[in-house]
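In what follows, a single structure is set out as structure tokens and then discussed.
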Amino acid sequence: MKKRFISLIPYVIVLAVDFYLLPALIKDTGMAMVMMLCVIPLIAFACGAICGIRQGFEPLLTLLAMVLFFPTIFIYYNLTAWAYVLIYGFIVLFGNGVGRIFYKKR
């Protein structure tokens, strides 16, 4: 179990940068929409897919992504952004599933 957590550390770091540093670049509403609807989900999907390709299906990454994003609601956004916890969790899960398809072929 400990090895499983340790193997996820690089992906958790990428997700933390995605969720905590990129929103700091938001200057206006238009940029916020691009970040929230395009950039952050794309990086989360890529992170999940790469994890799926390298390690197979890892649903724990989805839970970690959701836990990582939750505090950003209070730091950068407001309570209306709570749905993004579920959305980004699903995006990471979907990316991980897509990556898992290519795991056997590696």
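In region 40-63, the qualifying residues are those that are open to solvent by 50 Å² or more (accessible area, probe 1.4 Å) and under 13 Å from the mean Cα position of the chain (by Cα), and the one that is nearest to residue 89 (Cα to Cα) is 63. Here is the figure for region 71-86: residues that are within 14 Å of the chain's Cα centre (by Cα) and either outside any helix (DSSP H, G or I) or surrounded by 15 or more Cβ atoms within 10 Å (Cβ to Cβ) (or both) total 3. Among the residues of this structure, residue 102 counts as one that is more than 15 Å from the chain's Cα centre (by Cα) and either surrounded by 12 or more Cβ atoms within 10 Å (Cβ to Cβ) or closer than 18 Å to residue 8 by Cβ (or both).
For region 78-91, give me each residue that is out of contact with any Phe, Trp or Tyr (no Cβ under 7 Å at 6 or more places or on another chain), modelled with pLDDT of 90 or more and among the aliphatic types (A, V, I, L, M).
Initial filter on region 78-91 (out of contact with any Phe, Trp or Tyr (no Cβ under 7 Å at 6 or more places or on another chain)): 78-83, 86-87, 89-90.
Filter again for modelled with pLDDT of 90 or more, leaving 82-83, 86-87, 89-90.
Correct list: 83, 86, 87.
Taking the criterion of being open to solvent by 80 Å² or more (accessible area, probe 1.4 Å) and without any contact (Cβ under 8 Å) to a residue 40 or more places away in the chain, the only residue of region 87-99 that qualifies is 90.
Applying the criterion of being among the β-branched types (Val, Ile, Thr) and open to solvent by less than 90 Å² (accessible area, probe 1.4 Å) to the residues of region 3-29, the residue that is modelled with the lowest pLDDT is 26.
Scanning region 1-53 for residues that are charged (D, E, K, R) and touching a residue at least 40 places away in the same chain (Cβ under 8 Å) turns up just one, 4. Assess whether residue 89 counts as being assigned to a helix (DSSP H, G or I), touching a Ser or Thr at 6+ places or on another chain (Cβ under 7 Å) and among the small types (Gly, Ala, Ser). Considered against the rule, which asks whether it is assigned to a helix (DSSP H, G or I), touching a Ser or Thr at 6+ places or on another chain (Cβ under 7 Å) and among the small types (Gly, Ala, Ser), residue 89 comes out as yes. Only a single item in (1) within 25 Å of residue 100 (Cα to Cα); (2) in contact with a Leu (Cβ under 9 Å, 6 or more places away or on another chain); (3) assigned to a helix (DSSP H, G or I) is not met by residue 58, and it is number (3).
The values are calculated or read from the model by the stated rules, or taken from the named source; none is laboratory data. Since the model is a prediction, treat every value here as computed from it, not as a measurement. Virtual Cβ from ideal backbone geometry, glycine too; neighbours counted across all protein chains shown. Areas reflect the complete protein model, heavy atoms only, side chains present, ligands, DNA and RNA absent. Shrake-Rupley method; radii C 1.70, N 1.55, O 1.52, S 1.80 Å.
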